[in-house]
Amino acid sequence: MIDFRADLNDEQYTVVTKGDGACLVLAGAGSGKTRAITYRVAYLLEQGIPEDRILLVTFTNKASREMLGRVETILGRTLPRLWGGTFHRIALRILRAYAQEVGHTPNFTILDSDDSQSMIALVARDEGIDVKNKQMPSLAIIQDTLSYSRNAEGTISDTLDLKYPRFLDRLEMIEHISRQYEQKKREANVMDFDDLLVKLNNLLLTNASVRQKFSEQFQYVLVDEYQDTNRLQASIVNALSSHHKNILVVGDDAQSIYSFRAADIQNILAFEKQFFGAKVFRLETNYRSTPDILNLANCVIAQNVKQYPKNLKAVCGPLAKPLLVPAPTQYEEAHIIADKIISLLNRGVPAKEIAVLFRATFHSQMLELELMKRGVAYDYRGGLKFFDRAHVKDVLSFLRIFNNVHDVIAWSRILKLQAGVGERTAQEITAALKQMEKFEDVVLMDVAAQIGPRAATGWAQVQRIAEAMISASKERPAELIRACVNSFYKEFVEGEFTNWRDRLDDIEQLTRFAERSRDLSHFLADASLSESYASDRDQKENQREQVVLSTVHQAKGLEWDAVFVINLTDGGFPNERALKEPNGIEEERRLFYVAVTRARRHLFLTYPILGGRDASQISAASPFIDGVDRGLLDIERDGQTVGTLGNEDARYVDDDGEAKSASKIGKRLLWSA
């Protein structure tokens, strides 16, 4: 017999035992939401509810395995008939039984992302559309546009306007591809991942007998991470719970950070309107962080208007206030962080318990270089390490051929980026390049007779880039990068990749790094050594503990003893682009809240004073720091804690070298080197 009273705190116990009807469980960070939802399932089974009358929906297969495993551990037996899994897995299970109702046979095939792109390519080919034309959106962009519009239940036009405005003039073409893509999937008896949700939702909404069967079967429906659901998923949940109306959703509106994936925070914010008389439970007892960290988190998120107010309360004892560390430059910020990481390691904090979090991947580049120099191994989450990224390698290849016209590896990479140039043509051009003595000869080189007309167009593009680079300053690698990007690569990235904005940010960061060097050979050597060092370290350190570098999005659901949140500048975090979107500032603040609540014992907030697009631009501290109450943060300058935020004794130095009180500029501290 399970002792629910002993195993749960008061908040969790109420959810577990009083969760009938429509229930919204607002589970704050670190409050034991998984414990509450798994014990709720165990409680229902203990009350005699049959396994197949319970539906537990999760967002990831990992979460599903963990939750179902916990329930089995609590009960001490397996649960083969319990319905549990991701939205897509539940949809697949139902659609297999009702395939003919949605225009398929039960043996339909599921297309993964690559398969989906391949079928879109077939549609484009059959319709005579050349998606390799650089003026056309890539297959990846077309696929993402179709997927987002379906999950958001919006139009293709709206999606293009939001994500790929450059291709609004291709709207009719993309809509035509969408129609043909749907037809080709039906003919081939296949579904992509989006179809699983779309077709299940349509089936439940249009077929009363199917909706009745499953809504009567599922006496209790429980949904994890409800703040991350999109409109389709919310509609499916509503249909499946429509008979018994026992729907319990668990989530935290303060951690809704996936609107770029079509998650709709209104699903959780409007829950009480949709389910009149719904009960609202709050899990606010935090088992993760110190009260000093939670005080900051509570203060930050309280500034959002569209939310369910909550106040996290710590179980842990106090330790130290979060520390704000302004740095003169990005390089100094990286140096300070590396110093503190080494200090934590020397004090016995395990490397795997130290994390550095950032809003965007390009924010990590300076720190990566500094950690490499110090010999500190790190595990990069949320993408590839900086110098391993394809677009960084592409741009460096242009600089390599400028520096050494006979660099065949760099030439091979560059040529394959051009329309009409394949492996064989690239080899022919590379062979002809062996006759060149200097980079300037590339502009005069005529290979049109040796290659086809499409390849000749691609080669002409290379020559235009070469002319732009020759016109730039040979003494400044940064100018060469800008010449390359502005003459070709920016347009290429925008047309090819779904994350084109992030890639351009990376290249801008590479440009800033290049501005430190006036000598191209030295710059390329530094970049090459950084890349090879990182690869070598990966091989040697793969079995050792490593410090974690991660985007905040990738860090959601995780926790560490010590957390650094870096580049907290106005326009850096919050992200400048996000601020232009509807409700963008509130989602950015939720993202900062997620970052802060990853920390158990130590929290460091850092930002460079000089940064931005121009390395000499003065950056104010993030408004998320500017807006917190006085006394919640300690401030460090030159390695010394000089006071709390807003302390009259905290001082900065102005442009004339005069020391002034920080209070004269309010809480937005501008420290100087």
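The values are calculated or read from the model by the stated rules, or taken from the named source; none is laboratory data. Bear in mind the structure is a predicted one, so any value in this text is a computation, not a measurement. In this analysis, Cβ positions are derived from the backbone assuming ideal geometry, glycine residues included, and neighbour counts consider all displayed protein chains. Quick note on the areas: whole protein, heavy atoms, side chains included, nothing else; ligands and nucleic acids left out. Shrake-Rupley method; radii C 1.70, N 1.55, O 1.52, S 1.80 Å.
Quick look at the values:
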quantity	calculated
Conditions (1) crowded, with 22+ Cβ neighbours inside 10 Å; (2) more than 24 Å from the chain's Cα centre (by Cα); number of the one not met by Leu357	(2)
Candidates Glu428, Glu440 - the one that is more than 35 Å from the chain's Cα centre (by Cα) and in contact (Cβ under 8 Å) with a residue 24 or more places away in the chain	Glu440
Subset of segment 31-61 that is closer than 18 Å to Gln255 by Cβ and open to solvent by less than 20 Å² (accessible area, probe 1.4 Å) - its residue that is nearest to the chain's Cα centre (by Cα)	Thr58
Strands (runs of 3 or more DSSP E) within segment 36-127 that include 1 or more residues among the aliphatic types (A, V, I, L, M) and in contact (Cβ under 8 Å) with a residue 24 or more places away in the chain	54-58, 109-111
Meets criteria (more than 30 Å from Leu591 (Cβ to Cβ) and charged (D, E, K, R)) for Lys18	yes
Selection within segment 443-465 - closer than 27 Å to Ala514 by Cα and either touching a residue at least 60 places away in the same chain (Cβ under 8 Å) or among the charged types (D, E, K, R) (or both)	Arg464, Ile465
Candidates Glu284, Glu272, filtered to the one that is of a type in the set (D, E, K, R) and within 26 Å of Trp560 (Cβ to Cβ)	Glu284
Matching residues, segment 199-208, being under 13 Å from Leu92 (Cβ atoms) and within 30 Å of the chain's Cα centre (by Cα)	Lys199, Leu200
Test: residue in segment 179-195 that is at pLDDT 95 or above, touching a Leu at 6+ places or on another chain (Cβ under 6 Å) and assigned to a helix (DSSP H, G or I)	no
Extreme residue, most open to solvent (accessible area, probe 1.4 Å), among residues of segment 145-193 that are within 19 Å of Leu92 (Cα to Cα) and within 25 Å of the chain's Cα centre (by Cα)	Phe193
Matching residues, segment 580-630, being assigned to a helix (DSSP H, G or I), modelled with pLDDT under 85 and under 20 Å from the mean Cα position of the chain (by Cα)	Lys580
Test: Leu200 is of a type outside the set (Asp, Glu), open to solvent by 40 Å² or more (accessible area, probe 1.4 Å) and in a helix (DSSP H, G or I)	no
Residues within segment 473-491 that are in contact with an Asp or Glu (Cβ under 6 Å, 6 or more places away or on another chain) and either buried (at least 20 other Cβ atoms within 10 Å of the Cβ) or more than 20 Å from Lys438 (Cβ to Cβ) (or both), tallied	1
Total residues in segment 411-439, condition of a type outside the set (Val, Ile, Thr), surrounded by 14 or more Cβ atoms within 10 Å (Cβ to Cβ) and closer than 13 Å to Ala466 by Cβ	6
Residue in segment 380-403 that is closer than 16 Å to Phe564 by Cβ and open to solvent by 30 Å² or more (accessible area, probe 1.4 Å) present	yes
Residue in segment 585-599 that is open to solvent by less than 10 Å² (accessible area, probe 1.4 Å) and of a type in the set (D, E, K, R) present	yes
Qualifying residue in segment 505-512 (condition: open to solvent by 50 Å² or more (accessible area, probe 1.4 Å) and either out of contact with any Asp or Glu (no Cβ under 6 Å at 6 or more places or on another chain) or charged (D, E, K, R) (or both))	no
Residue list for segment 128-161, restricted to those being assigned to a loop (DSSP other than H, G, I, E, B) and charged (D, E, K, R)	Asp130, Lys132, Lys134, Glu153
Leu344 vs. criteria within 20 Å of Leu510 (Cα to Cα), touching a strand residue (DSSP E or B) at 6+ places or on another chain (Cβ under 9 Å) and either open to solvent by less than 40 Å² (accessible area, probe 1.4 Å) or assigned to a strand (DSSP E or B) (or both)	no
Filter result for Gln274 (at negative phi, open to solvent by 10 Å² or more (accessible area, probe 1.4 Å) and modelled with pLDDT under 95)	yes
Search result, residues across segment 325-339 that are farther than 20 Å from Leu603 by Cβ and buried (at least 21 other Cβ atoms within 10 Å of the Cβ)	Gln330
The one condition in (1) within 20 Å of Ile54 (Cβ to Cβ); (2) open to solvent by 30 Å² or more (accessible area, probe 1.4 Å) that Phe260 fails to fulfil	(1)
Test: residue in segment 205-220 that is in contact with a helix residue (DSSP H, G or I) (Cβ under 6 Å, 6 or more places away or on another chain), surrounded by 21 or more Cβ atoms within 10 Å (Cβ to Cβ) and not aromatic (Phe, Trp, Tyr)	no
